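Since every read-out is calculated from the coordinates, none of them should be taken as a lab result. Note that the coordinates shown come from a computational prediction; the quantities given were computed from them, not determined experimentally. Cβ placement follows ideal geometry from the backbone for every residue including glycine, while neighbour counts extend to all protein chains displayed.
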Amino acid sequence: MGTYLARFTPVPDTCPFCGVRETLAHVYLECARLQPLFQLLTNLLLCFWLHFSPHLFIYALPIRGLTKSRDLLVNLLLALAKMVIYKTRERRLADGVSCDCGAVFRSSVRSRIQAEFLWAASTNSLDAFEERWALSEVLCSVSLSGSLCLTL
Ligand SMILES: [Zn+2]
């Protein structure tokens, strides 16, 4: 992650949120502002029988045959979380806005699911949608009448 993220994440001297000396580890793992996001990820991953850790967050899950759909979904959530950390930090640097990155993550997952659902409904592929997004109904479910229920 180090070199890849370093290329896209210019690091000033101090964290724009808490003012401590900023490193990549601080940006993506250690800043106190990330706690609501990590708490949410911890709860979500528990629903998939996984333990959230900095190692898992950085390296994501190896994709295994038996748990492939879960692994792919969890890795997508971890990627979205990193994107949210990046974007909220950019916004903070640009205009000083502060926000709850857990709430931003939650709403970006929800809008992603809604967009995927609309696409699946219009292309008659709700089965594939359910397989991908409604796993164990942790994030959402699809009713018998074919409407989306968000549970995240
Ligand atoms: Zn900080």
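Please compute the length gained on full extension between Cys47 and Glu30, using 0.36 nm multiplied by the number of residues separating them and subtracting their Cα-Cα distance.
On the way: separation 17, 0.36 × 17 = 6.12 nm, distance 2.39 nm.
In short, 3.7 nm is gained.
Placing +1 on the Cβ of every Lys and Arg and -1 on the Cβ of every Asp and Glu, with nothing else charged, gives region 2-150 a dipole about its Cα centre of roughly 240 debye. Per residue of the chain, the DSSP helices (runs of n ≥ 4 H) give a summed -39500 (n - 2.57) that works out to -18000 deg cm²/dmol at 222 nm.
Taking only C-alpha pairs under 8 Å that are 6+ residues apart, what is the relative contact order of region 71-152 in percent?
Relative contact order, region 71-152: 20 percent.
With θ taken as phi - 60° and the Karplus curve 6.51 cos²θ - 1.76 cosθ + 1.60 applied, the whole-hertz 3J(HN,Hα) list for region 130-139 is 4, 4, 7, 10, 9, 3, 6, 6, 6, 9 Hz, x standing for glycine and proline.
Among Asp71, Asp100, Asp127, the residue with the largest mean-square fluctuation in a Gaussian network model of the chain, with springs joining Cα atoms closer than 10 Å, is Asp127. For region 33-54 versus region 95-142, the spacing of their alpha-carbon centroids is 17 Å. For region 83-91, putting each phi into the Karplus relation 6.51 cos²θ - 1.76 cosθ + 1.60 with θ = phi - 60° gives couplings of 4, 5, 4, 4, 5, 5, 5, 4, 4 Hz, in residue order, rounded to whole numbers and with x for Gly and Pro. Of Ile63, Ile113, the sequence from fewest to most neighbouring Cβ atoms within 10 angstrom is Ile63, Ile113. With each label modelled as a point 7 angstrom along the Cα→C-beta vector, the Asp127-Glu90 pair spans 3.9 nm.
Measuring nothing but how far apart in sequence close Cα pairs (under 8 Å, 6+ apart) lie, relative to its length, region 1-139 scores a relative contact order of 25 percent.
With the simple model of a label 7 Å out from the Cα in the direction of the Cβ, Gln39 to Ser145 spans 3.6 nm.
Near Tyr59: Cβ cut-off under 15 Å, other residues only, Lys/Arg at +1 and Asp/Glu at -1. The net charge is +1. The stretch between Glu137 and Asp100 holds 10.8 nm of extra length on full extension. This uses 0.36 nm per residue minus the Cα-Cα distance.
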